[in-house]
Amino acid sequence: MKLIEPILSWHAELTAIRRDLHAHPELSYEEFRTSDVVAAKLTEWGIEVHRGMGGTGVVGVIRGKGNGTRAVGLRADMDALPMQEVNTFAHASTIPGKMHGCGHDGHTTMLLGAARYLAESRDFDGIVYVIFQPAEEGGAGAKRMVDDGLFDTFPMDAVFGMHNWPGMPVGQFGLTDGPIMASANEFKITLTGKGSHAGMPHLGVDPVMAVVQLAQSMQTIVTRNRNPVDAAVLSITQIHTGSADNVVPNDAVMRGTVRTFTLETLDLIERRMREISEHTAAAMGCTVDFQFDRNYPPTINHPKEAAFSAGVLRDIVGSQNVNAAVDPTMGAEDFAFMLLSKPGSYIWLGAGLGEHRDAGHGMGPCMLHNGSYDFNDEVLPLGATYWVELARKWLAQPA
């Protein structure tokens, strides 16, 4: 493993920064303290700082020694989750109901470490933009930064992202050409009938039976309408109806999520869901209100940039530790919005099997969005090294 020596010597300092951020988690668009910490560190290291894009976003501009105009963007997310931490170590969350349960504290710290080294060395020709993004956890902070003019104000040739991945050994990386994470979409379907006495259902229109039939029919979309080799998940997660045993209610509500790796499959599923909802409601004598919200598109790596990232990683940890054809996940990531606007790639950094945590923390290797999760500080120098080598080698390419 080829780590950059100055970054390795900063390991304790980086760990302290990461644990401070962990102890003070902030939710989407509330990352005021976090962005203050980021901006202060960048300023301390002589980096040009821009604030306010995407609300609480921070962008640092690091210019190399040459006169090159090529530019590359490196992105980290800053927000925490609205969940209760169950850890009792010294750097556990100090704010009830808020927790860094996904490692964004570590992502921010690794990019800070890379920014410091790049600013001190400036041994590259071009510009590196370090992007600290708010609101990844459901707030679409990446989209808001793009809408606020991220790529107009800071023109870059490509943009790259990274996420820690528990369950993958430390020192290993995963990525793939094409989709690596799925789209995330939510639906709410309200069936309205006519309430009646449970002993006289013929005098009403029963939305309960309609929603039961609709729930069964929805599963035929994935099993009969979708191409079997194109992965998709349609999950009904809530059905709410009724309030008394002897009353047929007026309405029933069904909610859930849809996840796909392609927009074409998403279009198909949304269209068939709407058709089946309308026809089922009509057949059962109900009316229907169909709502379908597209939250995050699929995260799709660009071929050239994915291959480039894989090459950089092989130089750092060896080809045996880089899986360049990793199986994608049905989880979602709003870095997808940046990849819709610019070429780039998104990789997974092995965070270990939970060996950095006390025994008995639950859920195997301390998985993401788990109340006992904690970022593995061992990988801080490795992640920062990747960012530095990626930026330097990207900018060293012929225009």
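Every read-out reported here was derived from the displayed coordinates using simple, explicitly stated rules and does not represent laboratory data. Everything numeric in this text was worked out from a predicted model, so none of it was measured. Cβ placement follows ideal geometry from the backbone for every residue including glycine, while neighbour counts extend to all protein chains displayed.
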Check: in the chain the Lys pairs 8 or more apart or on separate chains whose Cα atoms fall under 26 Å apart number 17
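Which order do D177, D230, D334, D327 fall in if you start with the one that has the fewest other Cβ atoms within 10 Å?
Exposure proxy ranking, most exposed first: D327, D230, D177, D334.
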Relative contact order as a percentage, segment 184-296, C-alpha pairs under 8 Å and 6+ apart, gives 44 percent
Among segment 37-63, those whose backbone N falls under 11 Å of a label point 7 Å along Cα→Cβ from R122 are 46-48, 62-63
In segment 345-399, the GluC sites (Glu not before Pro) that sit in a DSSP loop and have at most 11 other Cβ atoms within 10 Å of their own Cβ are none
The residues R122, R226, sorted from fewest to most surrounding Cβ atoms within 10 Å, come out as R122, R226
Under 20 Å by backbone N from the virtual spin label 7 Å along Cα-to-Cβ at Q291, the residues of segment 140-168 are 140
Going fewest to most other Cβ atoms within 10 Å around each Cβ, S9, S341, S35 line up as S9, S341, S35
If unit charges are put on Cβ atoms (+1 for Lys and Arg, -1 for Asp and Glu) and the dipole of the chain is taken about its Cα centre, the option from N164, V61, L313 lying farthest towards the positive end turns out to be L313
Taking Cα pairs closer than 8 Å and at least 6 residues apart, the relative contact order of segment 302-381 in percent is 24 percent
Between the alpha carbon centres of segment 275-333 and segment 2-18 the gap in Å comes to 33 Å
Measuring from its Cα centre, segment 184-296 shows a charge dipole (+1 at each Lys and Arg Cβ, -1 at each Asp and Glu Cβ) which, in debye to the nearest 20, is 140 debye
When the charge dipole of segment 212-308 is computed with +1 at the Cβ of Lys and Arg and -1 at the Cβ of Asp and Glu, the Cα pointing farthest to the positive end, of G256, L266, I276, is that of L266
Mean separation of Cα contacts under 8 Å (at least 6 apart) over the residue count of the chain, i.e. the relative contact order in percent, is 24 percent
Taking max minus min of the Cα coordinates of segment 236-381 on each principal axis, largest first, gives extents in Å of 65, 42, 21
Rh_Kirkwood(segment 184-296) over Cα pairs, Å, one decimal, evaluates to 14.6 Å
Ratio for the chain, C-alpha Rg to 2.2 N^0.38 Å, reads 1.12
Given unit charges at Cβ for Lys, Arg (+) and Asp, Glu (-), the dipole magnitude of the chain about its Cα centre in debye, nearest 20, is 580 debye
